[in-house]
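As structure tokens, the structure follows; a few thoughts come after it.
The values are calculated or read from the model by the stated rules, or taken from the named source; none is laboratory data. The structure presented is a predicted model; accordingly, all values stated were derived computationally and were not measured. Cβ coordinates were reconstructed from backbone atoms using ideal geometry, including for glycine residues, and neighbour counts include every protein chain displayed. To get the accessible areas, we keep the full protein, side chains included, count just its heavy atoms, and leave off ligands, DNA and RNA. Shrake-Rupley method; radii C 1.70, N 1.55, O 1.52, S 1.80 Å.
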Amino acid sequence: MENNQLVSIANRFGSPVFVYDAHRIISQYDRLTKAFAKVDQLRINYAVKALSNVSILKLMKELGSGLDTVSIQEVLLGLEAGFEPQRIIFTPNGVSLEEIIEVAHMGVQINIDNLSILEQFGTQFPKIPVCIRINPHVMAGGNSNISVGHIDSKFGISIHQMPHLLRIVENTGMHINGIHMHTGSDILDIDVFLYAAEILFNAAKNFTNLEFIDFGSGFKVPYKKDDIETNIEELGERLTERFLAFEKEYGRSLTLTFEPGKFLVSQAGYFVAKVNVVKQTTSTIFAGIDSGFNHLIRPMFYGSYHHIENISNPDGKERFYSVVGYICETDTFANNRRITEIKEGDLLCFHNAGAYCFSMASNYNSRFRPAEVLWYEGKAHLIRKRETMKDLLKNQVVLDFSLQEANVV
Ligand SMILES: *Cc1c(COP(=O)(O)O)cnc(C)c1O
């Protein structure tokens with residue numbers, strides 16, 4: 001998006017504000033589907049947790065996407081957005097059997113990632129088809145917080161537990177209709193990904209009536225200039241070829257499924273915040289903005305890099321800044337960052353603010369969560385209002401201590 005569009009959105013809706021460019025989401029979706037155009041049945045299930053605004057979910061529905069969900073609440077948001085339950089897959093980790101049963105009864109495809117729940121679910125509901133999440137133990141990314149396929153990971157059923165898994169399936173008579181893996185967040189090496197896929201194909205041969213194979217996500221998007229990203233086109237070409245060969249070998253046609261979050265929405269997002277104070281110390285210049293890790297926690301949580309631009313003074317001379325928040329904790333967005341000269345009142349724009357930004361926001365320091373705006377067909381649409389005091393107080397039960405009654409525990 002153009003700087004002047006972002007500035008006018010911040011002027012109109014206030015700061016800080018999240019802005020999402022619908023056209024970028026659409027073009028990412030198209031890019032992914034084009035890369036796999038030769039697959040007969042391709043299914044994209046957008047990972048709701050990346051950005052769960054209902055208007056974004058509706059946009060995904062318009063594009064033909066399904067949804068990947070990790071909680072019953074995300075399922076309900078998907079239904080609210082108008083998705084048919086059959087277009088939703090539930091891929092939770094560590095949730096209760098009761099929650100899984102409730103979601104299954106809504107008609108949502110469930111994906112089970114441990115043998116204990118698989119055995120209990122299969123015993124009670126042998127007729128409900130189930131997808132299984134396999135952990136192929138392939139280290140896809142570098143960061144162990146976001147790589148979930150390795151040996152110590154809590155995600156998935158270990159590929160080495162296949163004999164036990166098969167025994168459960170046989171004993172319960174349950175129907176496995178899909179097989180799934182989600183190795184981590186960053187696929188940089190397509191050979192590594194294809195190696196994990198090969199493990200999944202081998203596992204798939206144990207089941208005669210599969211309808212789909214779900215390769216999860218892990219598409220890496222660039223955060224910095226010159227950052228490596230997953231080569232979707234190469235992945236498309238190579239995995240398609242292997243998938244088509246596997247279908248022949250397997251003897252029936254299958255749906256190839258992906259569940260991208262970041263890839264679809266990260267680059268579409270901009271977070272615009274205002275500089276409250278420029279503070280020169282003996283060691284640096286701090287630019288303190290009207291936000292903090294309550295709104296954008298990735299830099300502090302994962303050490304993630306978000307490109308920051310001064311959109312009020314894009315052509316100014318560059319200086320080095322530490323960009324920090326207004327939260328009473330250390331909340332550094334960037335250290336020693338080269339940014340065009342910053343004055344108090346300037347608007348800073350954080351790039352790649354679509355995925356895992358608003359959806360991780362909180363009310364810490366009793367601050368309101370920001371507004372969200374969708375840029376669509378040349379217009380700015382408010383898709384979430386900024387919170388107010390009413391929102392902060394909504395669920396609080398205020399005790400009256402003047403009535404010395406039994407209700408004061
Ligand atoms: C988080 C998650 C995704 C999405 O991951 P991205 O890196 O955002 O694409 C997909 N599948 C599952 C099971 C997930 O938990």
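Is it true that PHE155 is within 14 Å of the ligand (Cβ to nearest atom) and either out of contact with any Leu (no Cβ under 8 Å at 6 or more places or on another chain) or small (Gly, Ala, Ser) (or both)?
Answer is yes for this residue.
Please specify each residue of segment 308-337 satisfying the condition of being within 13 Å of ASN3 (Cβ to Cβ) and part of a loop (DSSP other than H, G, I, E, B).
Within segment 308-337, ILE311, SER312, ASN313, PRO314, ASP315, GLY316 qualify.
Of (1) within 16 Å of the ligand (Cβ to nearest atom); (2) surrounded by fewer than 15 Cβ atoms within 10 Å (Cβ to Cβ); (3) small (Gly, Ala, Ser), ALA196 satisfies all except one. Which?
Failing condition for ALA196: (2).
Which members of segment 47-70 meet the condition of being more than 16 Å from TYR20 (Cα to Cα) and under 16 Å from the mean Cα position of the chain (by Cα)?
The answer is ALA47, SER65, GLY66, LEU67, ASP68, THR69, VAL70.
Tell me whether segment 245-257 contains one or more residues that are open to solvent by less than 10 Å² (accessible area, probe 1.4 Å), of a type outside the set (Val, Ile, Thr) and not in a loop (DSSP other than H, G, I, E, B).
Yes.
Can you name the number of the only condition in (1) in a helix (DSSP H, G or I); (2) touching a Cys at 6+ places or on another chain (Cβ under 6 Å) that PHE301 fails?
Every condition holds for PHE301 apart from (2).
Of all residues in segment 182-192, how many are open to solvent by 10 Å² or more (accessible area, probe 1.4 Å) and within 15 Å of the ligand (Cβ to nearest atom)?
4
Just wondering, is there one or more residues in segment 261-275 that are on the phi > 0 side of the Ramachandran plot and more than 14 Å from the ligand (Cβ to nearest atom)?
Checked against the condition, which is being on the phi > 0 side of the Ramachandran plot and more than 14 Å from the ligand (Cβ to nearest atom), segment 261-275 yields no hits at all.
Can you run down the residue pairs with Cβ atoms below 6 Å, 6 or more apart or on separate chains, where the first is in segment 382-393 and in contact (Cβ under 8 Å) with a residue 40 or more places away in the chain and on the phi < 0 side of the Ramachandran plot and the partner is surrounded by 15 or more Cβ atoms within 10 Å (Cβ to Cβ) and of a type in the set (Asp, Glu)?
ILE383/GLU372; ARG384/GLU372
Check whether at least one residue in segment 289-298 is more than 16 Å from the ligand (Cβ to nearest atom) and part of a strand (DSSP E or B), and report yes or no.
yes
Assuming LEU264 fulfils every condition listed in (1) over 25 Å from VAL221 (Cα atoms); (2) touching a residue at least 40 places away in the same chain (Cβ under 8 Å) apart from one, which condition is it?
Only one criterion is unmet by LEU264, namely (1).
I'm trying to understand the selection: among the residues of segment 184-211, which are over 26 Å from the mean Cα position of the chain (by Cα) and not β-branched (Val, Ile, Thr)?
ASN202, ALA203, ALA204, LYS205, ASN206, PHE207, ASN209, LEU210
Limited to segment 80-93, what total is found for residues that are free of Cβ contacts under 8 Å to residues at least 60 places away in the same chain, within 12 Å of the ligand (Cβ to nearest atom) and either more than 26 Å from THR183 (Cβ to Cβ) or not in a strand (DSSP E or B) (or both)?
Residues in segment 80-93 being free of Cβ contacts under 8 Å to residues at least 60 places away in the same chain, within 12 Å of the ligand (Cβ to nearest atom) and either more than 26 Å from THR183 (Cβ to Cβ) or not in a strand (DSSP E or B) (or both): 1 in total.
Residues of segment 207-246 being more than 16 Å from the ligand (Cβ to nearest atom) and either without any contact (Cβ under 8 Å) to a residue 24 or more places away in the chain or among the basic types (Lys, Arg) (or both), which ones?
Of everything in segment 207-246, those that are more than 16 Å from the ligand (Cβ to nearest atom) and either without any contact (Cβ under 8 Å) to a residue 24 or more places away in the chain or among the basic types (Lys, Arg) (or both) turn out to be THR208, LYS224, LYS225, ASP226, ARG238, GLU241, ARG242, ALA245.
Do any strands (runs of 3 or more DSSP E) entirely within segment 338-403 hold 1 or more residues that are among the acidic types (Asp, Glu) and surrounded by 13 or more Cβ atoms within 10 Å (Cβ to Cβ), and if so, which?
371-376
For residues in segment 281-309 being among the hydroxyl-bearing types (Ser, Thr, Tyr), under 21 Å from GLU344 (Cα atoms) and open to solvent by 10 Å² or more (accessible area, probe 1.4 Å), which is nearest to the chain's Cα centre (by Cα)?
Among them, the one singled out is THR284.
The rows are residues; the columns are (1) touching a strand residue (DSSP E or B) at 6+ places or on another chain (Cβ under 6 Å); (2) open to solvent by less than 10 Å² (accessible area, probe 1.4 Å); (3) within 14 Å of the ligand (Cβ to nearest atom); (4) at pLDDT below 95.
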residue: VAL130; (1), (2), (3), (4): yes, yes, no, no
residue: ASN135; (1), (2), (3), (4): yes, yes, yes, yes
residue: ASN145; (1), (2), (3), (4): no, no, yes, yes
residue: HIS150; (1), (2), (3), (4): no, no, no, yes
residue: MET162; (1), (2), (3), (4): no, no, no, no
residue: GLY173; (1), (2), (3), (4): no, no, no, no
residue: ASN177; (1), (2), (3), (4): no, yes, no, no
residue: HIS180; (1), (2), (3), (4): yes, yes, yes, no
residue: LYS205; (1), (2), (3), (4): no, no, no, no
